[in-house]
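Some notes on the structure that comes next.
The values are calculated or read from the model by the stated rules, or taken from the named source; none is laboratory data. Computed from a predicted structure; not experimentally measured. Glycine gets a Cβ as well: all are built from the backbone with ideal geometry, and neighbour counts include every protein chain shown.
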Amino acid sequence: MRLIKEISQMKDYRKNIKAPQTVGFVPTMGAFHEGHLSLIRKARQQCDKVVVSIFVNPIQFGKGDDYQRYPHNLSEDISLSEKEEVDVVFAPSLEEMYLQDYSTFVRVGGSLSSTLEGASRSGHFKGVATVLVKLFNIVRPDFSYFGEKDYQQVLVVRKVVEEFNLDTQIIALPTIRERDGVALSSRNSYLNKEERKAASILYEALEKAKLWIKEGERNPFIIVSKTKDLIKKEPLARIDYVAVVDPETLEKVEDIRGEVLIVLAAKIGKTRLIDNSLLVARISKRRKKEFSIER
Ligand code: AMP
């Protein structure tokens, strides 16, 4: 496995890989957990070469966000990458990615990037889109792997790739969870024991929301209100948003029919966590009032 820190070297490596050989790419901010590893493993299965980037991208963090204390664990990440038979870990420095007078950004317009996380974290998707366009240009991956845990990010990245005519296929993979349902996240390391226990309320709330839908509730306002009430029972949790949205546009739905996505963001103590769950509510043919749920 190679550890590459310079953009020029990464580009040289890529130039030597010729079709039909394929390059799979997993962009990350490091501090690996099983979620990252699931993406790496899929890339390893599907591609000839696997490149993993580790870069904590300052421009996707807002003021007062956790950029300064974001966990770093490069040596551990490198040894995990070796174990997973990654070909290249690309870990550029801040100066390498953003020269001192850096001034070019990718702004993703439209409601897809201004709603939910975009509304709560101003400039976040501009930072994400900018760093990914840079990374895609450096690595030129055939396939790029992302987690559905950051569902909105997947949609925004797909839009950027499509609208900038980039030659990479975005592959989204399911959220990996702890035993109690908590979605793995590098930020979980901020949680103390009590907070970690409290964090499971988010998954519990998603599961309950699904159950209520399964039992026939089709009014998203009621689902949102009951889900919020459930989360509020946990004193360490502070809700940012809970919404039932269209999984393609992220617009709030007025009626729960077909595919819907339940999304939420909340602080547990000082740590902001996000989670989501996709479901299909079908009206069964025999008993029209009942829903069957997939996923
Ligand atoms: P990050 O290092 O947090 O920027 O995440 C890098 C990639 O891992 C992103 O595509 C995330 O969506 C994905 N990821 C993060 N947590 C999980 C998880 N629990 N399950 C699956 N993928 C994840």
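The strands (runs of 3 or more DSSP E) located wholly in segment 1-110 that include 2 or more residues which are over 22 Å from residue 174 (Cβ atoms) and away from the ligand (no atom under 16 Å from the Cβ) occupy 2-4.
Among the residues of segment 89-118, those identified as free of Cβ contacts under 8 Å to residues at least 24 places away in the same chain and closer than 23 Å to residue 243 by Cβ are 109, 114. Within the option set 133, 154, being within 22 Å of residue 15 (Cβ to Cβ), touching a helix residue (DSSP H, G or I) at 6+ places or on another chain (Cβ under 8 Å), among the β-branched types (Val, Ile, Thr) and modelled with pLDDT of 95 or more holds for one residue only, 133.
Cβ separations smaller than 8 Å between residues 6+ apart or across chains give the following pairs from segment 215-231 residues that are polar (S, T, N, Q) to residues that are exposed (fewer than 15 other Cβ atoms within 10 Å of the Cβ) and at pLDDT 95 or above: 219/255. Taken over segment 175-193, the criterion of being touching a residue at least 40 places away in the same chain (Cβ under 8 Å) and near the ligand (Cβ under 7 Å from one of its atoms) is satisfied by 175, 176, 183, 184, 185, 186. Of the residues making up segment 145-174, those that are among the basic types (Lys, Arg) and more than 8 Å from the ligand (Cβ to nearest atom) are 158, 159. Here are some residues: 160, 133. Which one is crowded, with 19+ Cβ neighbours inside 10 Å and outside any loop (DSSP other than H, G, I, E, B)? Result: 160 is the single residue among 160, 133 that is crowded, with 19+ Cβ neighbours inside 10 Å and outside any loop (DSSP other than H, G, I, E, B).
Counting residues in segment 194-203 that are within 13 Å of the ligand (Cβ to nearest atom), in contact (Cβ under 8 Å) with a residue 24 or more places away in the chain and in a loop (DSSP other than H, G, I, E, B) gives one or more.
For segment 262-280, a residue qualifies if it is closer than 20 Å to residue 217 by Cα, surrounded by 20 or more Cβ atoms within 10 Å (Cβ to Cβ) and of a type in the set (A, V, I, L, M, F, W, C), and the qualifying residues are 262, 263, 264, 279. With respect to residue 85, determine if the residue is of a type in the set (Asp, Glu) and out of contact with any helix residue (DSSP H, G or I) (no Cβ under 7 Å at 6 or more places or on another chain). For residue 85, the condition - of a type in the set (Asp, Glu) and out of contact with any helix residue (DSSP H, G or I) (no Cβ under 7 Å at 6 or more places or on another chain) - is not met.
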